[in-house]
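If you scroll down you'll find the structure; I have some questions about it.
Here, each number is a calculation from the coordinates, and none is a lab measurement. Remember, it's a predicted structure, so these values are computed and weren't measured experimentally. Note that we place each Cβ from the backbone using ideal geometry, even for glycine, and neighbour counts take in every protein chain shown.
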């Protein structure tokens, strides 16, 4: 029974194909060729778009990597800026300390000069006192009512 159905189906196909006129078959062949050419053109266009898409994706990946590198560079620059700012602050404090020490040194120099001057004055006054003690003043002053001056 199966074979009977198979034979019937094949015979119907044979009769159906035999019943198609050659002009119609030629039109179908031409239509099939046109569809094949369109399919080939579409395939070429799709491949070109795929290649373009791949190049764009590659460019996007490259840009993403460059952006990540730029971000890392920016972070490194910010860290360096923070370190530099801390160094600048430390240098400013050190400079202030040095200026304070310089002022103190100047004050010490002034005090030393004043001490030297006072020492000289003290020495001169001590020397003068010693001279006065060693040589008492002479009391040979002329009489006050005479009017003549002593030579």
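Want the number for residue 127 to residue 77: 0.36 nm per residue separation, take away the alpha-carbon distance, what's left?
Contour length minus Cα-Cα distance gives 10.7 nm.
What does the extension gain come out to for residue 39 and residue 107, with contour length at 0.36 nm per residue minus their alpha carbon separation?
Residue separation times 0.36 nm, minus the Cα-Cα distance, leaves 14.5 nm.
Between residue 23 and residue 97, what is the label-to-label distance in nm when each label sits 7 Å out along the Cα-to-Cβ direction?
11.1 nm
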